[in-house]
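Participant: Structure incoming, see below.
Read the figures in this text as sums done on the coordinates, not as results from a lab. All values derive from a computational prediction rather than experimental measurement. All Cβ positions, even for glycine, are placed from backbone atoms using ideal geometry, and neighbour counts span all protein chains on display.
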Amino acid sequence: MTMTASDATASADRLAAIRQRIADAAREAGRAAQEVTLVAVSKTFDAEAIVPLIDAGQRVFGENRVQEAAAKWPALKARYADIELHLIGPLQTNKLGDALQLFDVFHTLDREKLALALVKARDKGAALPRLFVQVNTGDEPQKAGLAPTDTDAFLARCRDEWRLDVEGLMCIPPADEEPALHFALLEKLARRNGLAKLSMGMSGDFETAIALGATHVRVGSALFGARG
Ligand SMILES: *Cc1c(COP(=O)(O)O)cnc(C)c1O
């Protein structure tokens, strides 16, 4: 795909529109727009589609696959020093080394094995990214994340046993359910564990998520267009 000048204008316009909707949703919830970070989910889109958003001022991006991110982000990070990259997809421990090179924030700490791999990397001198624990709020068998009933205990082990500094929780609600119920559950789990950050809300429901306390909304198709 070759970007034209008008494609670039279109992405800058889409970015401005999403930022406005975030600001409106925050204001309606009695919150400041700056409390909500827009994570622009660029999965499946190449550098040509991403650069116009960077040029329009967007600096925080999300990717769900380590390999795909490794193919396109090092060059972009070299060109734009202040990019912040968020991993929003499941992480296999054999890709942890690459993920630590690339990502500033992991949204998908979801199991003991990954926690132990992070501890091991830290013991060898690696700087760890900021961490969110993923919660499978719908208890869906095919989906990653802690069961809600296991979340308190996992967070306690992160804190007391592994000394992992978790800053928030993340969820992806079931496609066919009212997302507000899942956002409210995630907010409750975060609050009772003293966590300040909530990664929740995508293109179709980020305003609902902001009303329920989201600090990070992960928006892909509303910014980049439909994925092929
Ligand atoms: C793809 C993806 C998104 C963005 O979804 P859109 O509906 O395109 O906004 C958000 N979060 C995760 C975990 C994703 O994989």
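Participant: Can you pull the one-decimal nm distance between simple spin-label points at Asp104 and Asp123, each 7 Å off the Cα toward Cβ?
Facilitator: Calculated label separation equals 3.0 nm.
Participant: With the cut-off at 32 Å, tell me which of the pairs Lys124/Lys188; Lys77/Lys124; Lys72/Lys124 have Cα atoms farther apart than that.
Facilitator: The pairs that break the limit, which is 32 Å between Cα atoms, are Lys124/Lys188.
Participant: Please list 30-37, 148-155 highest first by mean number of surrounding beta-carbon atoms within 10 Å per residue.
Facilitator: Top to bottom by mean Cβ count within 10 Å: 148-155, 30-37.
Participant: Residues with amide H under 5 Å of Met170's amide H, sequence separation 5 or more or different chain, H placed in the peptide plane at 1.01 Å from N; which?
Facilitator: It is Val133, Gln134, Val135, Ser199, by chain and number.
Participant: Taking neighbour counts of Cβ atoms within 10 Å as a proxy for exposure, in what order, fewest first, do Ser199, Ser221, Ser42, Ser6 appear?
Facilitator: The order, fewest Cβ neighbours first, is Ser6, Ser221, Ser42, Ser199.
Participant: So, one more: For region 98-174 and region 74-93, write down the distance between their C-alpha centroids in whole Å.
Facilitator: Cα centres, region 98-174 to region 74-93: 18 Å.
Participant: Okay, moving on. What value, in deg cm²/dmol to 500, does the helix sum -39500 (n - 2.57) over DSSP H runs of n ≥ 4 give at 222 nm once divided by the residues of the chain?
Facilitator: Computed mean residue ellipticity for the chain: -14000 deg cm²/dmol.
Participant: Also, I was wondering about something else. How would you rank 203-213, 136-146, highest first, on the average number of other Cβ atoms within 10 Å across their residues?
Facilitator: Packing order, densest peptide first, comes out as 203-213, 136-146.
Participant: Give me the percent relative contact order of region 34-79, please, defined on Cα pairs under 8 angstrom at least 6 residues apart.
Facilitator: 46 percent
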